[in-house]
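> This is the structure, below, for whatever I ask next.
The values are calculated or read from the model by the stated rules, or taken from the named source; none is laboratory data. The structure displayed is predicted, hence computed values, not measured ones. Positions of Cβ are generated from backbone atoms using ideal geometry, with glycine treated the same way; all protein chains shown enter the neighbour counts. For the accessible areas, the whole protein counts, side chains as well, though only heavy atoms, and no ligand, DNA or RNA atoms are used. Shrake-Rupley method; radii C 1.70, N 1.55, O 1.52, S 1.80 Å.
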Amino acid sequence: MPRIHVCSLERLHRTVTETGARDVLTVIKNIGQVETPAGVEEARHLKLDFADIWRPTEGEVMANEVHVTQIIGFIRRWERQNPLVIHCYAGVSRSTASAFIAACALRPETSEEEWAMRLRQVSPTATPNIHIVGLGDRLLGRGGRMVRAIEAIGRGEDCYEGVPFSLEIGPRKLQGG
């Protein structure tokens, strides 16, 4: 079953190797520190450079609608034949927000609350960046449901590095059949 794996930068290459992923989403500050893992084509590695902030901070790049539009587009192009890896620096905030957006975009028939609960079940440390979730909510037309779902699960356990996890997404649905 197709899965999205979420991890930290430190675990990126190992996670790609262990899972056989061929698609990678990087959401991190200072993108130059990230090398595309072996076995992943450059065209299948989206690298987005922004800080883990939820309000404007001088000298920092905050995620914006262009970033989240790119995330959604990349996710929707994922063929789901191999796993996808999403990572940020610690595997706690930007990557978990991106994975939640991905789940909601790819499987809209599953409620935002259910995806948020699944996220909490598989990751006690996940603390999705609420600003990024809010952008995804607006772009996907969810009327605030994504934000409320993440607020309902609350902040994850404090940590330096998140516990790696995966979400089962399922195969692409065939159109019209």
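> If amide hydrogens are placed 1.01 Å from N in the peptide plane, which non-local residues have theirs closer than 5 Å to the one on V61?
Correct list: A51.
> What are the ³J(HN,Hα) values, in whole Hz, obtained from phi via the Karplus relation 6.51 cos²θ - 1.76 cosθ + 1.60 with θ = phi - 60°, for each residue of the range 103-111 in sequence order, with x given for Gly and Pro?
For the range 103-111, the Karplus-derived couplings read 4, 5, 6, 7, 10, x, 6, 8, 5 Hz, x marking Gly and Pro.
> Right, here's the next one. Can you list the HN-Hα couplings for the range 120-130, worked out from phi with the Karplus curve (6.51, -1.76, 1.60; θ = phi - 60°), rounded to whole Hz and with x for Gly and Pro?
Values per residue, Gly and Pro as x: 5, 5, 8, 9, x, 9, 4, 9, x, 4, 5 Hz.
> Here's a follow-up. What residues qualify as long-range amide H neighbours of D23, i.e. H under 5 Å apart, gap of 5 or more or another chain, H built at 1.01 Å from N?
Sorted by chain and number, the residues that satisfy this are V85.
> Distance in nm between label sites at E35 and V122, each 7 Å beyond Cα in the beta-carbon direction?
2.8 nm
> Here is a further query. Which sequence of T69, T17 reflects their accessible areas, 1.4 Å probe, from the largest down? Numbers along the way, then the final one.
On the way: T69 75, T17 110 Å².
Heavy-atom accessible area, descending, gives T17, T69.
> Report the relative contact order of the chain, percent, no decimals, based on alpha-carbon pairs under 8 angstrom and at least 6 residues apart. Please list the in-between numbers first.
Values: 338 pairs, mean separation 54.3, N = 177.
Over the chain, the number comes to 31 percent.
> Round to a whole number: what % of the accessible area of the range 33-177 belongs to carbon and sulfur, probe 1.4 Å? Intermediate results must be reported in sequence, preceding the final value.
Working: 3650 of 7300 Å².
Accessible surface attributable to carbon and sulfur in the range 33-177 totals 50 percent.
> Could you work out [θ]222 nm for the chain from helices alone, using -39500 (n - 2.57) per DSSP H run of at least four and dividing by all its residues? Round to the nearest 500 deg cm²/dmol.
Calculated mean residue ellipticity at 222 nm is -11000 deg cm²/dmol.
> Need one number: nm distance between label points at R138 and Q81, each 7 Å from Cα along Cα→Cβ, rounded to one decimal.
3.7 nm
> Of M1, M146, which has the most accessible area and how do the rest follow, probe 1.4 Å? If you can, show how the numbers build up before the last one.
Working: M1 140, M146 0 Å².
Ranked from most to least accessible, the order is M1, M146.
> Please work out which option in (i) -0.40, -0.67, -0.89; (ii) -0.45, -0.74, -0.96; (iii) -0.53, -0.81, -0.99 gives log10 I(q)/I(0) by the Debye sum over Cα atoms at q = 0.11, 0.14, 0.16 Å⁻¹ calculated from these coordinates, and answer with its label.
Label of the calculated value: (i).
> Calculate one ³J(HN,Hα) per residue across the range 86-99 by plugging θ = phi - 60° into the Karplus curve 6.51 cos²θ - 1.76 cosθ + 1.60, and present them in order as whole Hz with x for glycine and proline.
In residue order, the calculated couplings are 10, 9, 10, 5, 9, x, 10, 10, 5, 5, 6, 5, 5, 5 Hz.
> Report the full-extension gain for the segment E10 to A43: residue separation times 0.36 nm, less the Cα-Cα distance, to one decimal in nm.
Working: separation 33, 0.36 × 33 = 11.88 nm, distance 2.18 nm.
Between E10 and A43, full extension yields 9.7 nm more.
> Going by amide H atoms built from the backbone, whose H comes under 5 Å of the H on V92, apart from near neighbours?
The answer is G162.
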